[in-house]
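Derivation of every value follows stated rules applied to the coordinates shown; laboratory data play no part. What you see is a predicted model, and the numbers here were worked out from it, not measured in a lab. We place every Cβ from the backbone using ideal geometry, glycine too, and count neighbours over all the protein chains shown.
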Amino acid sequence: MLTIREELPEEFLQAYPAELKSLLGGPTLIHLPGEQARPLFVSILLHGNEITGLLAVQTLLARYQSLLLPRAISIFVGNVEAARVGKRLLPGQRDYNRIWINASGAEHEMTHTVLEAMRERDVFACIDIHNNTGKNPYYAIIAEPGSDHLGCAALFSDTVVYARCPDTTCTVAFSGMCPSVTLEAGLPGDPAGVERTVSFLETCLHTPDFTSRPLHPVNLFHTVAVVKVRDCCSYGFLGEDVDLQLVNEIDQYNFHELEPGTSLARVRNGDQQCLDVQNADGRQVYREYFTVVGDNLQAAKPVMPAMLTTNRDIISLDCLCYLMERLPQSELGNQRI
């Protein structure tokens, strides 16, 4: 299932996402040499419609076509089949960012091979590049509280989320080996997001480490729950004939602390619990964060959502949102969520 290459395919730098399936054949790990031997691992297209990682890597490598890279780099090109049709994943496929730990099957064996290959090469850092569909700032996600993880993340954004849920992601899997960061680089293909990602990767190629780097103040949050729409409930937006009518442009609430009483949706039946809200332990915490007044679904306490989206496919395939709370940087070392 996995192809490992020691050179860059000639057409790679100009390839469109839809062309990678025919160019590479399938998921591919590409090792390229550099002046510093410990490689920077970069994961792209774990979701086939999140193309900023590909564009950033193409831009970066084009700068070094006739030069030796400052540091070796290993590029994992993920779901090229979904990229061929511009989808997050195809029907029947596993989510490529939910197969790195606590999984089974051919996809997990593939990621296990990637992890072992990078362990043998003494990986320097892991950068997993993603996009999202709603209105979110550029931000980074870390899964370990160490100063090297936070130092790496802060080079991309002063907004950092500490999260170990879901615990099956690429970033979680690498976090025991090296500084490991997920980049949320805005909307797919957004030129500013691509430029920001290229600049970050360039910095990572040149930096000797992340532990001694002085940190500017960061806005630090930690994930406390994931919110999904229950299968028994139909959903849509205000005015539609569905059980759960989400407010229009609900993604405007991302990274804004919601006051108690903020309305998020209307529910057809006031006592119908359409949302599945679980904390990192898998415990149901719906009533801790939400309440229904009349037919209005409201925030029950101050909370900050991330990744709210108006994209129905994403809500179905992944979740409605994550809930976060602000975390003082001084407390990060004591957190396990």
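Neighbouring Cβ atoms within 10 Å as the yardstick, rank 240, 184, 120 fewest first. Before the final figure, lay out each step's value.
Numbers: 240 12, 184 23, 120 8.
If I rank by nearby Cβ atoms, fewest first, I get 120, 240, 184.
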Reachable aspartates and glutamates from residue 87, criterion Cα separation under 20 angstrom, eight or more residues apart if same chain = 19, 50, 95, 107, 128, 184, 190, 313, 318
Mind listing the phi-derived Karplus ³J(HN,Hα) values for region 150-162, rounded to whole Hz, using 6.51, -1.76 and 1.60 with θ = phi - 60°, and x for any glycine or proline?
-> 5, x, 5, 4, 5, 6, 8, 7, 8, 10, 10, 10, 9
Over what distance in Å are the Cα centres of region 274-321 and region 142-159 separated?
-> 26
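Ratio of the chain's C-alpha Rg to 2.2 N^0.38 Å, to two decimals? Walk me through the numbers before you get to the answer.
Numbers: Rg = 20.2 Å, N = 337, 2.2 N^0.38 = 20.1 Å.
So the chain has a normalised radius of gyration of 1.01.
Across every pair of different alpha-carbon atoms, what Kirkwood hydrodynamic radius in Å does region 58-166 reach?
Details: mean 1/r = 0.0605 Å⁻¹.
Result for region 58-166 stands at 16.5 Å.
Just for the chain, what percent of DSSP beta bridges are antiparallel, to the closest 5?
Details: 34 of 63 bridges.
Around 55 percent antiparallel, to the nearest 5.
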Note the angle between two axes, namely the Cα long axis of helix 52-62 and the longest principal axis of the Cα atoms of the chain, as a number of degrees from 0 to 90, rounded to the nearest 10.
-> 20
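Counting Lys +1, Arg +1, Asp -1, Glu -1, what net charge surrounds residue 79 among other residues with beta carbon under 12 Å of its beta carbon? Working shown, then result.
Numbers: positive: 21, 84, 87, 88, 94, 98; negative: 50, 81, 95, 107.
So the surrounding residues net to +2.
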Diffing region 63-75: the Karplus 3J(HN,Hα) column from phi (6.51, -1.76, 1.60, θ = phi - 60°), in whole Hz with x for Gly and Pro, holds 5, 10, 4, 10, 10, 6, 4, x, 9, 4, 9, 10, 10
Return one number: the angle in degrees, 0 to 90 and rounded to the nearest 10, between the long axis of the Cα atoms of helix 191-206 and the longest principal axis of the Cα atoms of the chain.
-> 50
Short version: ³J(HN,Hα) in whole Hz for each residue of region 255-261, in order, from phi by Karplus 6.51 cos²θ - 1.76 cosθ + 1.60 (θ = phi - 60°), x for Gly and Pro, what are they?
-> 6, 10, 6, 7, 7, x, x
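Where the eigenvalues come from the Cα gyration tensor of region 206-309, what are the semi-axes √(5λ) of the equivalent ellipsoid, largest first, in whole Å?
33, 15, 13
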In whole angstrom, how far apart do the alpha carbon centroids of region 78-107 and region 164-218 sit?
-> 21
To the nearest 20 debye, what charge dipole does the chain have about its Cα centre, counting +1 at the Cβ of each Lys and Arg and -1 at the Cβ of each Asp and Glu?
-> 160
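Taking Rh as the Kirkwood radius computed over C-alpha pairs, what is the Stokes-Einstein D of region 167-252 at 37 °C in a medium of viscosity 0.692 mPa s, expressed in µm² per second?
Estimated diffusion coefficient is 189 µm²/s.
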Lysines with Cα under 24 Å of residue 301, excluding same-chain neighbours fewer than 8 positions away = 135, 228
Given Cα pairs under 8 Å that are at least 6 residues apart, what percent is the relative contact order of region 3-217?
-> 23
